[in-house]
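Okay, structure first, notes after.
Read-outs: derived from the displayed coordinates by stated rules, not from any lab. Since the structure is predicted, the reported quantities are computational estimates derived from the model, not experimental observations. Virtual Cβ from ideal backbone geometry, glycine too; neighbours counted across all protein chains shown.
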Amino acid sequence: MIGMDEKLSFFKNGLRLDGRRPDELRPIKIEVGVLARADGSCYMEMGDNKVIAAVYGPREVHPRHLQEATRAIVRYRYNMASFSVEERKRPGPDRRSNEVSKVSREALEPVILTSYFPKSVVDVFVEVLQADAGTRTAGINAASVALADAGIPMKSLISSCAAGKVDGEIVLDPMKLEDNFGEADVPIAMTPNGDITLLQMDGRLTQEEFRRALELARTGCQQIYEIQRKVLVDRYGHVEEEEICEEPSAVAEEEI
Amino acid sequence: MSDVVMAEIRKDYLYHLVLKGERADGRSFDEYREIILETGPVRKADGSALVKLGNTQVMVGVKIQPGEPFSDTPNKGVIITNAELVPLASPNFEPGPPNEVGIELARVVDRGVRESGAIDLEALCITPGEKVWIVFIDVHVLDDCGNLMDASSLGAIAALMTAKVPAAQYGLGEDYPLPVKDVPVATTAVEFGDAIIFDPDTDEESVADTKLTVITTADGSVCGMQKSGPGFISQDHIYRIVDIACERAKEIREKFLEV
């Protein structure tokens, strides 16, 4: 473990410790429809993050008093596996995961056409299998694809990534080391046309730096969107005829 | 945002007011309700503050006790923030463990204090690796009339600035003031269509889909942010909110938190 006090350089010849440029994302891998029981699912890797998202619903709400007469409710459960981090995490929800669940749900809810399914619930479950900074953004990306896979009508996909500040420089998609010793972290999520649905920030940035971070995170989201879209088009762009009868509205569209 | 069941008529009314550039209580869009800050109302606490933001009332108590440091920061004190949305404060609050709204509130208050570096944590080390001061910040909401984030954050920093480390009580020398190095101030706005409204009351909070809290430090940097609510927000609006938030925070800091 590297002590906080030791001066650590995060850049070598202008590149980051893992060889990325400051404005470069970590490698991304997305697989859609990975779980048999779920209505929609997605496995995603963002660098060393490995997350899996499942969508169930629209289905009946339990407990019933949660149901809404005019729309579906959305529930989002972000959960970290105990083995996903360096030191074993105590299983089950804690305060952090409660907050992450709330903001992630609020990041996706704006695009879900909940009024189509009154009195029902769309459940989104995200399990973090391996964590390396940026798990909430990876979770949202995976959940968004899983929602499309489940055929939930949406105005658009949601793409998410963070920008941070390390060694005085604004960088895209910080990895664990950069996040731990960095000066700021700004995770965002947005629609393909730039409406922001998640924005958090911790650390310390001047207003000007914040603007640069937000701008950089946007470019990251745009790149992620293209990958999400491609995965869905590959999976559902050319459905066989018999599949069409089974799974109707499974194609994700970007237009609102 | 809250679970208040609000008549559609009331919602329409608020929207129409906003279109005319008005708010139900006559404030301008970036105007705060009257703030009344009282420090030290609870003598048993090591630091305390009562904040009134219009009719919203929040009590914050700080307790400081010796305890074990975290293993990865052996020479630093510890901050633990908790928020209680007690049922006396609103018909929508229920007894029981904190729900996600309470957890979010506590974590945003914590973020402001922590990320701004307001508390000199290294000065709170007693014996490295063994004993450090643990600062408990407990937010007790007494009356929820909107904008708990700002009221609680203001209460927290005010309570910290007036807190004493109770060293004598534990045989660790004389009591001394808690070393506070920065003054984070949270400012919250909600979005109504194209309008941005600061310091929302409960009605405005329940009608708006998107709320943004911006925490700024004494030098005008941003040290924390939280968007909440199931809505969108444009980049332009974010920048506008950050700009105004810095100004409002500066005014609040100058008026109430001058060292």
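Divide the volume of the convex hull around the Cα atoms of chain A by the residue count and you get 137 Å³ per residue. Of the peptides A:187-196, A:103-112, the ranking by mean beta-carbon count within 10 Å, highest at the top, reads A:103-112, A:187-196. Taking the centroid of alpha carbons for each part, the stretch B:154-217 and the stretch B:53-129 are 11 Å apart. For B:LYS164, a cut-off of 12 angstrom between C-alpha atoms picks up these aspartates and glutamates, skipping any fewer than 8 places away in its own chain: B:ASP46, B:GLU174, B:ASP175. When the Cα positions of B:PRO97, B:PRO184, B:ASN75 are compared along the charge dipole of the stretch B:8-256, B:ASN75 comes out farthest toward the positive end, with charges on each C-beta of Lys, Arg, Asp and Glu.
Among A:LYS165, B:LYS44, the order by Cβ neighbours within 10 angstrom, fewest to most, reads B:LYS44, A:LYS165. Using only side-chain charges placed at the Cβ, +1 for Lys and Arg and -1 for Asp and Glu, the dipole size of chain A relative to its Cα centre rounds to 760 debye. With Cα atoms defining each centre, the stretch A:25-51 and the stretch B:14-42 are spaced 45 Å apart in the structure.
For B:ILE36 and B:SER71, a Förster radius of 51 Å and the Cβ-Cβ distance give a FRET efficiency of 0.75, rounded to the nearest 0.05.
Take each residue in A:214-224, count the other chain C-beta atoms within 10 Å of its C-beta, and the mean is 1.
Between A:TYR116, A:THR191, A:HIS65, the Cα set farthest toward the positive side of the dipole of the stretch A:15-246 (charges on each charged residue's Cβ, about the Cα centre) is that of A:HIS65.
Dipole size of the stretch A:1-99 about its Cα centre, with +1 on Lys/Arg Cβ and -1 on Asp/Glu Cβ: approximately 200 debye, rounded to the nearest 20. Percent of Cα pairs in the stretch A:1-102 per distance bin of 5 Å, from zero to the largest separation: 2, 9, 11, 14, 17, 16, 12, 7, 4, 4, 3, 1. Direction-averaged projected area, Cα convex hull, the protein assembly as shown: 24.4 nm², rounded to one decimal.
Per-residue packing, averaged as other Cβ atoms within 10 Å, sorts the ranges B:28-39, A:13-24, B:226-237 into the order B:226-237, B:28-39, A:13-24, beginning with the highest. Summed over qualifying helices (DSSP H, 4 residues or more, each -39500 (n - 2.57)) and divided by its residue number, chain A shows a 222 nm mean residue ellipticity of -9000 deg cm²/dmol.
Net charge dipole, the stretch B:8-256: roughly 500 debye, given to the nearest 20, about the Cα centre with Cβ charges of +1 for Lys and Arg and -1 for Asp and Glu. Over 20 Å apart at the Cα level, from the set B:LYS20/B:LYS52; B:LYS181/B:LYS250; B:LYS63/B:LYS227; A:LYS155/A:LYS230, are B:LYS20/B:LYS52; B:LYS63/B:LYS227. Think of the protein assembly as shown as a dipole: +1 on every Lys or Arg Cβ, -1 on every Asp or Glu Cβ, centred on the Cα centre; then among A:SER104, A:VAL55, A:GLY92, A:GLY92 lies furthest on the positive end. Computed over every Cα-Cα pair of the stretch B:7-160 and binned at 5 Å starting from 0, the pair-distance distribution P(r) comes out as 2, 9, 15, 17, 17, 14, 10, 7, 4, 2, 2, 1, 0 percent.
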